[in-house]
1. Give the value in nm², to one decimal: projected area of the alpha carbon convex hull of the chain, averaged over all directions.
2. How high is the relative contact order of the range 137-217, in percent, counting Cα pairs under 8 Å that sit 6 or more residues apart?
3. Taking amide H atoms as placed 1.01 Å from N in the peptide plane, list the residues 5 or more away in sequence, or in a different chain, whose amide H sits under 5 Å from that of residue 39.
4. How high is the FRET efficiency between residue 12 and residue 130 when r is their beta carbon distance and R₀ equals 60 Å, given to the nearest 0.05?
5. Normalised by the number of residues in the chain, what is the relative contact order in percent for Cα pairs under 8 Å and 6+ residues apart?
6. 222 nm [θ] for the chain, helices only, -39500 (n - 2.57) per DSSP H run of 4+, per residue, to 500?
7. HN-Hα J couplings of the range 113-124 from phi, Karplus 6.51/-1.76/1.60, θ = phi - 60°, integer Hz, Gly and Pro as x?
8. Summarise the accessible area of the range 128-198 (1.4 Å probe, protein heavy atoms) by the percent that is carbon and sulfur.
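The values are calculated or read from the model by the stated rules, or taken from the named source; none is laboratory data. Nothing here was measured: the structure is a model prediction, and the numbers come from that model. Neighbour counts are summed over all protein chains in view; Cβ atoms, including those assigned to glycine, are modelled from backbone coordinates with ideal geometry. Heavy atoms of the whole protein, side chains included, go into the accessibility calculation; ligands, DNA and RNA do not. Shrake-Rupley method; radii C 1.70, N 1.55, O 1.52, S 1.80 Å.
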Amino acid sequence: MSVTVSVVCYKYKQLLNGESPLMLRVTKQGKRKYQGLGVSIDAKYWDFEKNQPKRNCPNRDAILRLITEKTKEYQEQLIELKIENKEFTAKSLVQKVTNPTKRKTVGELFIERIQELKDAKRLGYAESHETVYHSLLNFNGHLDIYFSEIDKEWLQKYEAWLRNIGNKENTIGIRFRTLRAVYNIAMEKQFVKPECYPFRSYKVSKLHQDTAKRALTKNDVLEIINYQAQSKKCRYRQLTVDLFAFSYFMGGINFKDIAFLKEDNIIDNRLSYIRRKTKQLITLPLQAQAIEIINKYKSTNNPYLFPILSSQPLTESQQRNRIRQVAKSINRNLKAIGEELNLPIDLTTYVARHSFATVLKRSGVNTSIICEAMGHSSEKVTQIYLDSFENEQVDAAMSNLL
């Protein structure tokens, strides 16, 4: 059945000034929905047969323009619904017109979100959003599109394009999770209608591949810890080994968190710090081996425990670049050490974190106290578990590291 949109003078209702309101009437399948236009008229000036103001009606031209504009809005919305082949009622049509979706392109919202993350000092997340922004830009040619244009078919084409340029499964998954997060923001801010959401039919969860285990046995770890550089020019390798060992002995602490450690983080012979990624408070007993490593690099000229950052004032961006450069050098040395020791996997700083959790698990430590990092969907879960048990339980568990 066709839909009719018309403006009527609602003579059944009289206002205090004796006039009747003009109402826009939507009729579909015998059901009607009225919406006020915000103006009223004396019924004697209304032609009820033609549904328009009579020639002698005051402000006739202005009222006719208002009627034309309003009916045009509804006709345009009707055309859009028909093109998208979407069901609607007289009531839902009125709601769509009276509560229109705000407009913002995909590119505009991505740029806005990136800036928000930078302002919040969440530089890592800002960088990942920038990576996806440029990826989408390269794929589509431009991002001057609305979120409603991103449908299941569009996402499938983007996935195929990512595969074609050599992206791995988990990398593709990261791209899509970031895109989905921005799409969710678009819905929250009413830049796109919920019914357009493409991730109900396109499942991002399928874009996941279990990565190879990056943990070593206890004997392998001890080989690394006991490694001795063969020449003076390999002194940087000793720092590499010491940082790997420190991470292993201190709960698999992340390299970035190691870089920011200061004397203030040592309280009552325990290491306490806020995990920069998850904002969780971590407090662990300082192992004797870790204390030896700290003492080796302690310097009155540097407020940090390790020579990764220095006392020289740096911006957050400069700190980030410095840590990244040092980590790159450390990982390059770790790889060389691993090859020299004939270890079964490529060594990185993250292997220390995995090995810490795995060695404890293989030693019979309850998985509810310390979970194997590679088996968790989120690192945050591991930190929460570490924080939720008594110090004595964690201390006893960590005695299994040697």
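1. Numbers: hull surface 121.7 nm².
Result: a mean projected hull area of 30.4 nm².
2. Numbers: 41 pairs, mean separation 33.9, N = 81.
Relative contact order of the range 137-217: 42 percent.
3. Distant-sequence amide H within range of residue 39: 22.
4. Working: r = 59 Å, r/R0 = 0.98.
Efficiency for this residue pair is about 0.50.
5. Details: 472 pairs, mean separation 42.0, N = 402.
The value is 10 percent.
6. Numbers: 14 runs with 193 residues, N = 402.
For the chain, the value works out to -15500 deg cm²/dmol.
7. 5, 4, 5, 4, 5, 5, 5, 7, 6, 9, 5, x
8. Numbers: 1670 of 3560 Å².
Exposed carbon and sulfur together represent 47 percent of the surface.
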